[in-house]
Structure formats: C-alpha cells, structure tokens
Amino acid sequence: MRWLVDGYNVIRCAPALAVREQESLQAGREALCRLLVAAARASGDQFTVVFDGIRGGGTAFSSSRVRLVFSKAPERADHMLARLASAGTAVVSNDLEVRRSATRTGAIVVTADEFLARLLAPPSSDKEEEDEPLPRPKKGNPRRPPKKARAAARALNRLDRSRKRFP
C-alpha cells in the first residue's frame, strides 16, 4: 500500500516526535523517518512524507520504501498532499481540508492519531488476536433509530401527553 503522510502534522501529534522537533526541525523529521523505515520494513508498504517547502522543494531523503518530499515555495504541503492523493492510497493527516480532498479522490483517510496509535502500539502476539471473538453481523432494521433515540422520543411523547391533561 502507498501512504501519503502529512509530516509536521504527524510529528506534532506524537509527544516523542514533538520533543525531537523542539531540538530542531531536522531532528523531528529524522525521528519520524526512522519510525517509518521500521514500519516499511515490517509491512512492505511505501511511505511518502510531505513537508512544507524549504528552498526550492524536492526530495531530501529517499530509501526504497520511505521518501521525504518538500513542497515548492508558494505551494503548501496540504495542497501537495491533496494533489498526490488518489484511489488506493492512504492519506494520514488531522487536517480537515486534506482529509476532505483526499476523500473526494477516493483515497483512504486515516487520522494522525490513529496512525500513530498503530505504529507506536506494542507488538501483540498472534495468540491474543485469535482469542478475540469475531464480530457478528447486526440484526434488525437498519432504518430504525437507535435505542437511545427511541427512548428519548418516548420520553418526549410523554411530556406531550401530560400537557394535554393540564391546560
């Protein structure tokens, strides 16, 4: 799978990465890059990390599975992410504008928080996953309002009836 990552957005969502960014922007980018290289090695996925431009833009770091790209001077990283997003790619950002434009192109949208939770979670054993029961399909009418909404409607209906008795 091909991932497009909003670089600074992800860095600022993870406390460990944000601390590194406080040292320098370069240190924050390198910490994120190390995290993604390990993820790419384990999953076989490709990651393109987009940052706001420095100088003339372009690629600063590139490995076989992780690429750091900088937007050109007038273009923001958000616009570059929207331009690169396409069906079949996964876009990682908490920015609402980026997520909306990625959704319009048919890309899979993942929040930075969900992405980091998955990357930074301790590895789980396969046995634990097998013990979890599989979710059952839901039964009933899909157009029927949820139980809480029906209960609220019943309570409101009772209020209407009590007003009729007491003018």
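Derivation of every value follows stated rules applied to the coordinates shown; laboratory data play no part. All values reported here derive from a predicted model rather than from experimental measurement. Glycine gets a Cβ as well: all are built from the backbone with ideal geometry, and neighbour counts include every protein chain shown.
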Q: In whole Hz, with x marking every Gly and Pro, tabulate ³J(HN,Hα) for region 72-80 from phi via Karplus 6.51 cos²θ - 1.76 cosθ + 1.60, θ = phi - 60°.
A: 6, 2, x, 7, 8, 4, 4, 5, 5
Q) Which is farthest toward the positive dipole end of region 1-121 among Leu35, Ala77, Ser63, measuring Cα position about the Cα centre, with Cβ charges +1 (Lys, Arg) and -1 (Asp, Glu)? A) Ser63
Q. How far apart, in nm, are the 7 Å Cα→Cβ label points at Arg143 and Ser43?
A. 3.9 nm
Q: Amide H neighbours of Phe47 under 5 Å, at least 5 residues apart or on other chains, H built in the peptide plane: list them.
A: Trp3, Val66, Arg67
Q.
Let me check I've understood the local charge: for Ser86, count other residues with C-beta under 12 angstrom from its C-beta, Lys and Arg +1, Asp and Glu -1. What total comes out?
A. +3
Q | Largest-first principal axis extents of the Cα set of region 2-123 (Å) | A | 35, 33, 27
